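First the structure, in the form of structure tokens, and then the observations on it.
Each reported figure results from applying straightforward, stated rules to the coordinates on display, with no laboratory input. If you're wondering where the values come from, they're calculated on a predicted model, not measured in any experiment. Cβ atoms come from the backbone with ideal geometry, glycine included; neighbour counts cover every protein chain shown.
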Amino acid sequence: MAPRERDLWSLIDEDARSGQDYAKWSGHILDDSALDLYRRWWSLCEVSLYAADLHAEHTNTPETEIAWNGLREHLATH
């Protein structure tokens, strides 16, 4: 039911040929703008979740280290 680009952007990021293969096998051309939208949406969602975790009162745990590193990674890519 969702736009195909929502689920395919991460596969294409891992292997660009997967988008070409999908188009060939399905007959549907993927919209590059939609792929970029969902890629950015994912990153924005990750940043907001990490920021919420770190903004709340917390202690230094393996989970907060993951949140801190994930936040830094996502902010560095955009």
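At least 2 residues that are of a type in the set (Asp, Glu) and loosely packed, with under 12 Cβ neighbours inside 10 Å in each: list the helices (runs of 4 or more DSSP H) lying fully within the chain that qualify.
4-14, 62-76
Based on what the data block shows, is SER43 among the polar types (S, T, N, Q) and without any contact (Cβ under 8 Å) to a residue 12 or more places away in the chain?
Taking the combined requirement at face value, the residue does not satisfy it.
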